[in-house]
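**Student:** So that we are looking at the same thing, I have put the structure below in structure tokens.
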Amino acid sequence: MANFFILKFMEYDLKKIMRNRGIEEHGKVQKYIDSKVLEYCAPKVPKDNNLLINSGKEHTTIGDGQVKYRTLYARRWYYMPAKFQGAPERGNYWFERMKQQYKKQILEGTRRIAKGG
């Protein structure tokens, strides 16, 4: 019975540490990552009238860890090659290309937040 209380105390302590560092589910770190993904992807997303870019903002709940672009053509433009206005910056696989370019900055920002700095 004593071991049960020790484990519960440790579990509570771990949750408190995670919350203080912002690394819990829907915490500061995840909100930062989601926001940066949307920000850094925006210049890479195919653009005609901003519907696809805006769908990312409208359908993403910051902190969920899932950035969602929802239009009738989002999947097609993510995977299928086309001649996009603003290419080569705007085009297919915008998340993958954003990740290659900004991964280090996002990771550094998450470290700063988790350390409390």
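The values are calculated or read from the model by the stated rules, or taken from the named source; none is laboratory data. Remember, it's a predicted structure, so these values are computed and weren't measured experimentally. FYI the Cβ positions are ideal-geometry reconstructions off the backbone, even for glycines, and counts take in every protein chain you see. Ligands, DNA and RNA are excluded from the accessible area calculation, which covers all protein heavy atoms including side chains. Shrake-Rupley method; radii C 1.70, N 1.55, O 1.52, S 1.80 Å.
**Student:** Within region 59-117, track down each residue that is of a type in the set (Gly, Ala, Ser) and part of a loop (DSSP other than H, G, I, E, B). Spell out the reasoning first.
**Tutor:** Residues of region 59-117 that are of a type in the set (Gly, Ala, Ser), as a first pass: 63, 65, 74, 82, 86-87, 91, 109, 114, 116-117.
Across region 59-117, the qualifying residues are Gly63, Gly65, Ala82, Gly86, Ala87, Gly91, Gly116, Gly117.
**Student:** Here is a follow-up. Pairs under 8 Å by beta carbon, first residue over 19 Å from Thr61 (Cα atoms) and in a helix (DSSP H, G or I) in region 18-30, partner at pLDDT below 85 and open to solvent by less than 80 Å² (accessible area, probe 1.4 Å), six or more apart or different chains?
**Tutor:** The qualifying pairs are Met18/Glu24; Asn20/Gly116; Arg21/Gly116.
Residues checked against (1) within 12 Å of Cys41 (Cβ to Cβ); (2) touching a Lys or Arg at 6+ places or on another chain (Cβ under 6 Å); (3) open to solvent by less than 100 Å² (accessible area, probe 1.4 Å):
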{"position": "Thr60", "(1), (2), (3)": "yes, yes, yes"}
{"position": "Gly63", "(1), (2), (3)": "no, yes, yes"}
{"position": "Lys68", "(1), (2), (3)": "yes, no, yes"}
{"position": "Ala82", "(1), (2), (3)": "no, no, yes"}
{"position": "Phe95", "(1), (2), (3)": "yes, no, yes"}
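**Student:** Continuing with this model, one more query. Confirm whether Thr61 is polar (S, T, N, Q), within 23 Å of Gly109 (Cβ to Cβ) and modelled with pLDDT of 85 or more.
**Tutor:** Yes.
**Student:** Only residues that are outside any helix (DSSP H, G or I) and open to solvent by less than 30 Å² (accessible area, probe 1.4 Å): list them for region 31-47, please.
**Tutor:** Correct list: Ala42, Lys44, Val45, Pro46.
**Student:** Of (1) assigned to a helix (DSSP H, G or I); (2) open to solvent by less than 70 Å² (accessible area, probe 1.4 Å); (3) within 21 Å of Lys115 (Cα to Cα), Ser55 satisfies all except one. Which?
**Tutor:** (3)
**Student:** Please work out which residue is nearest to Lys31 (Cα to Cα), limiting yourself to region 70-80 and to residues that are without any contact (Cβ under 8 Å) to a residue 24 or more places away in the chain and surrounded by 11 or more Cβ atoms within 10 Å (Cβ to Cβ).
**Tutor:** From region 70-80, those without any contact (Cβ under 8 Å) to a residue 24 or more places away in the chain are 70-76, 78-80; that's our starting set.
Right, trim to surrounded by 11 or more Cβ atoms within 10 Å (Cβ to Cβ) and you get 70-71, 73-76, 78.
Details: Arg70: 20, Thr71: 23, Tyr73: 26, Ala74: 23, Arg75: 24, Arg76: 27, Tyr78: 23 Å.
Looking at the filtered set, the residue picked out is Arg70.
**Student:** Evaluate region 7-26: report whether one residue or more is aromatic (Phe, Trp, Tyr) and either touching a Gly at 6+ places or on another chain (Cβ under 7 Å) or at pLDDT 95 or above (or both).
**Tutor:** no
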